[in-house]
Each structure stands twice: as C-alpha cells, then as structure tokens.
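What follows is one structure encoded as structure tokens, with my remarks underneath.
FYI, it's all coordinate maths here, none of it is from the lab. Note that the structure is predicted; figures quoted are calculated from it, not measured. Note that each Cβ is placed from the backbone with ideal geometry, even for glycine, and that neighbours are counted across all protein chains shown.
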Amino acid sequence: MNSDKLRVAFNDPEHGWVGLTISRGETTTILIAEYVPSDSFLELTSALHNLLQWECEATARWQYNPTTYDMRFRRSGGYVSLEIFEYPDHRRIEGRGKRIFSARGTYASICTPFWRALRDLQGRFSPEELDARWHRPFPSREIELLTLAIRGRKDDIPSRA
C-alpha cells in the first residue's frame, strides 16, 4: 500500500452537516461542513468534471459557520494541483486564508479519490435519503455524468470504479 496515496472519505451526512477527511502520507485534514451557503457537493462534482476535460481552475467551497474552506484545483499540462485554504469567515479577504493542505499529481491521483468518495457516499443512501440528510438536493445525476466521462477516458483515468 502506498502511504503517499491521496485518500478521501465523507462521513454520513446528518442534519445538513458532513465530515470530510483528506489524507496523504502523514498529513490528514478534516473538514466539517454544512449545507449552506454553497452547494458544495455540486461544486466539487462540477470541478472534477471540468478538470477532466480542460486545463482550468476550479473551486469547491465548504463552510462551517463562520469558517470557510476553499478547495482549489488547477490542471495544467498533465498535472492537477490541489490547495485547501481556511478563512476565518465568508469574506475570504486576500492574505487572510491559511493553506491547510496541498497535493499535486495526475488527475487519477488527485481527482479520482474525490470521485470515489462521492460514489461511496452515493452508494450508502437512496437519493431521497441523501437529500434529506444533506438538506439540499445531492448531485446524483451530475455524479453519474462524471462517472460516464471518467470511464470514457483512455489516458491516466482508471477504467473501472
């Protein structure tokens, strides 16, 4: 088992809250997030889909009132970088964010673990139960479209999920 492999896991959402654990090597970051104000699961799914198709930057925002987390992805060339910044509040004033996690690698090594974590979460509950637990619609359809796109890739994306 590779200890530098990126690992991502969501706890079971409950009452509009979810825990997210991201680890690589000896570094572990745990985020607790609530369902408002951002549609965080949709933003993450959209970011993963966009990064699969283009060289771009994408951000998924998570909030644990008042703390805000920006999960910033950037794909350039054959690599994807991920940085997670923590801000004391929603204003995200330049220079006030603290980088709490970073990683760089291929799409498969950085983005695929997030996709797998979304699929794992999706598989634990019915769509209706996820919606009720998260207090907003869970992006099940968007995750299915991302899954189809990932399975259709021929490069460094795994063909099986």
Selection from the range 35-66 of residues free of Cβ contacts under 8 Å to residues at least 24 places away in the same chain and either closer than 19 Å to V80 by Cα or touching a His at 6+ places or on another chain (Cβ under 9 Å) (or both) yields E43, N50, W54, E55, C56, E57, A58, T59, A60, R61
Does the range 108-116 include one or more residues that are more than 15 Å from I22 (Cα to Cα) and either touching a Pro at 6+ places or on another chain (Cβ under 9 Å) or in contact (Cβ under 8 Å) with a residue 12 or more places away in the chain (or both)?
yes
On the basis of being in contact with a Leu (Cβ under 8 Å, 6 or more places away or on another chain) and either part of a strand (DSSP E or B) or exposed (fewer than 15 other Cβ atoms within 10 Å of the Cβ) (or both), does F41 make the cut?
no
Test each condition in (1) within 16 Å of the chain's Cα centre (by Cα); (2) more than 27 Å from L148 (Cβ to Cβ) for S81 and report the one that comes out false.
(2)
